[in-house]
Every structure is written in structure tokens, then in C-alpha cells.
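Worksheet for the structure shown next.
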Amino acid sequence: MRRNLKEARQNAGMTQQQMADRLGICIRYYQSIEAGDKTGDFTIWDTLEDITGIHQRILREISTNRHVRKDSR
């Protein structure tokens with residue numbers, strides 16, 4: 001899941017439907033982007049950055065519940 005994207009959308013006071021409408025895409029496609037299942041094209045991420053004011057690299061991050069092993073050098 002892209003938690004940063006979800007939080008940014010919520011902080012903007014928008015529903016998934018409203019965000020999809022602003023992006024000109026269907027809600028299912030937006031939901032799959034927010035879930036991390038689809039990547040979306042660069043114009044979508046540019047628009048998301050404009051709407052939220054957050055750099056798209058941050059919005060694109062996918063959160064996982066997996067434990068990440070630290071390098072033990």
C-alpha cells in the first residue's frame with residue numbers, strides 16, 4: 001500500500017472518487033494505484049504532486065509490513 005499517497009489524499013480532504021475525477025481516471029484504477037498494484041503513468045504522478053504538494057517520489061513509496069534485515073557489517 002502507498003500510505004503516503006493515501007495520507008496525502010486524506011489530508012487534502014478528498015475521497016478516492018474525487019481524486020480519480022481530478023485525475024480523469026476511473027476509481028478502480030485510482031484504487032489500484034493507491035494500493036500499489038498499478039504504477040500509473042507520469043502525468044498521473046505529476047498531477048498528484050500538484051494536488052498534494054508532495055514530491056511524487058514520496059507519494060510513490062510502497063509500505064510493507066515485512067521486516068527488513070539490516071546489513072550487519
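The values are calculated or read from the model by the stated rules, or taken from the named source; none is laboratory data. Please read all numbers here as calculations on a predicted model, not as lab measurements. Calculation scope for accessible area: heavy atoms of the full protein, side chains included, ligands and nucleic acids excluded. Shrake-Rupley method; radii C 1.70, N 1.55, O 1.52, S 1.80 Å.
From Cα pairs below 8 angstrom and at least 6 apart in sequence, can you work out the relative contact order of the chain, rounded to a whole percent?
On the way: 62 pairs, mean separation 31.2, N = 73.
Relative contact order, the chain: 43 percent.
For the chain, report the accessible area per residue in Å² (1.4 Å probe, heavy atoms, rounded to an integer). Don't skip to the answer; put the middle values down first.
Numbers: 5390 Å² over 73 residues.
Per-residue value: 74 Å².
Rank these by accessible area, largest first, 1.4 Å probe: Arg57, Arg2. Present the calculation step by step, with values, prior to reporting the outcome.
Working: Arg57 180, Arg2 15 Å².
Greatest to least solvent exposure: Arg57, Arg2.
Under a 1.4 angstrom probe, counting protein chains only, how are Glu49, Glu34 ranked by accessible area, largest first?
Glu49, Glu34
What part of the accessible area of the chain, given as a whole %, is carbon or sulfur when the probe is 1.4 angstrom?
Values: 2400 of 5390 Å².
Ligands and nucleic acids excluded, carbon and sulfur reach 45 percent.
By the gyration tensor of its Cα atoms, with a ≥ b ≥ c the square roots of the eigenvalues, what is the shape of the chain: rounded for a/c under 1.5, prolate for a/b over b/c, or oblate?
Note, shape of the chain comes out prolate.
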